[in-house]
1. Please name all residue pairs, on different chains or six or more residues apart, with Cβ atoms under 9 Å, provided the first residue is in the range 129-156 and is of a type in the set (Ser, Thr, Tyr) and the second residue is part of a strand (DSSP E or B) and surrounded by 14 or more Cβ atoms within 10 Å (Cβ to Cβ).
2. Does the range 49-63 include one or more residues that are farther than 19 Å from THR12 by Cβ, out of contact with any Cys (no Cβ under 9 Å at 6 or more places or on another chain) and β-branched (Val, Ile, Thr)?
3. From the list ALA120, ALA130, ALA145, ALA124, pick out the single residue that is under 24 Å from VAL91 (Cβ atoms) and surrounded by 19 or more Cβ atoms within 10 Å (Cβ to Cβ).
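Every read-out reported here was derived from the displayed coordinates using simple, explicitly stated rules and does not represent laboratory data. All figures in this text were calculated on a predicted structure; none of them were measured in a lab. Cβ atoms come from the backbone with ideal geometry, glycine included; neighbour counts cover every protein chain shown.
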Amino acid sequence: MITLAPLDRKDTDRVARIAARPDQLRFAGTVAEALAEPPERFDLHEIRKDETPVGIFKIDRAYGSSYPFAGPRDLGLRAVIIDAAMQGKGVGKAAMSALRHYLADRYPDFASVMLTVNMANPAALSVYRATGFEDTGEIWPHGDAGPQHVMRLGLRAGE
């Protein structure tokens, strides 16, 4: 069973061994990079298979301050990293399917979660679309690895 859980920064050794495939590093970065983000802005979360961490992601509570397409009630989903050994087994899709309910419970003051997904990463784009993210039609041209689709997932009915 795939579940999501907050990652306490005191317990980051739980996820230190997680590593994406080398060809994905340009899209999501490394776990070490995600763990280095300032806690004043970023919350860390783990993706678990049963009780074993198999992935992580960051939630950016100030996403709108860095991205003009996002507003003050939009969270940012950043650095989704699934361990290479777990890829192709439905972990990413299951995690993203659970995301709406998980974030709505933990971030009641936010209306949606947004992300950018690189145009050269069709597998990720397919997962996000299949799990309810809507392509806004905007392209963010400033991605580190090239242009990106801007996607949004409402956290509550009607948003």
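1. THR131/LEU153; THR136/MET114; THR136/HIS149; THR136/VAL150; THR136/MET151; THR136/ARG152
2. Among the residues of the range 49-63, not one is farther than 19 Å from THR12 by Cβ, out of contact with any Cys (no Cβ under 9 Å at 6 or more places or on another chain) and β-branched (Val, Ile, Thr), which makes the answer no.
3. Just a single option satisfies the conditions, and that option is ALA124.
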